[in-house]
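J.: The structure under discussion is supplied below as structure tokens; questions concerning it will follow.
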Amino acid sequence: MTTDPGADRPDATVARTDTGAAVDAVFRRALRDTLLFLGVLTVLGVGLGALLADAAGVWGALIGVGFALVFCGTTVVVMLRTAHANPQTMAIAVMGSWLAKLVVVIVVLALLRGQTFYDRVVLLVVVAVGTIGSALLDYRAVAAGRIPYVEPTARQDPSGE
């Protein structure tokens with residue numbers, strides 16, 4: 001005996017699988033685009049940081065990209081890993097990862113306080129560009145994703161079979 005209400009409908013499983021694949025594709029695209037963007041930002045940030053502030057600019061850019069990766073990349077990874085879980089599990093995972101990221105940022109900022117080996121302006125600019133750019137790429141992935149609003153169900157045969 002099964003507890004799945006759609007088990008007697010053969011197309012219901014296919015519809016869930018198709019929707020699940022579409023959701024996975026959206027999150028994979030968001031993650032791929034974010035990683036590519038942060039790679040380009042690393043090259044540009046390190047180059048401009050070196051031109052504007054020497055080694056301190058390089059360190060500011062690297063730390064800034066690290067912050068952007070921790071904040072933006074981990075959210076997409078958590079969403080990808082919990083996409084097929086129930087909404088409560090997904091919410092707990094997202095909020096838990098957010099709290100963990102907050103603790104990491106506070107600890108890193110506390111360790112960086114008073115240090116002079118990095119340029120604060122380069123760090124701020126790279127974090128801002130990385131975060132805003134990643135958010136826009138996430139939006140683009142979701143907006144372009146072909147995820148149905150509802151899952152289609154199999155039509156019943158009028159003869160009752």
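Any read-out appearing in this document is the output of simple, stated calculations on the displayed coordinates, not a laboratory observation. Nothing here was measured: the structure is a model prediction, and the numbers come from that model. With ideal geometry, Cβ positions are generated from the backbone for all residues, glycine too; neighbour counts draw on all protein chains shown.
J.: Using the per-residue mean of other Cβ atoms lying within 10 Å as a proxy for protection, in what order, highest first, do the peptides 20-33, 90-103, 67-80 fall?
T.: Answer by packing, highest mean first, reads 67-80, 20-33, 90-103.
J.: Compute the Cα gyration tensor for the stretch 11-144, then decide on rounded, prolate or oblate, letting a ≥ b ≥ c be the square roots of its eigenvalues: rounded whenever a/c is under 1.5, prolate when a/b is larger than b/c in the other cases, and oblate in all that remain.
T.: Verdict is oblate for the stretch 11-144.
J.: Also, quick follow-up: Measure off 7 Å from each Cα along the Cα-to-Cβ vector at Ile147 and Val43, then give the distance between these two points in nanometres to one decimal.
T.: 3.1 nm
J.: In a shell of Cβ-Cβ distance under 12 Å around Val94, excluding Val94 itself, what net charge do Lys and Arg (+1) and Asp and Glu (-1) give?
T.: Combined, the nearby Lys, Arg, Asp and Glu give +2.
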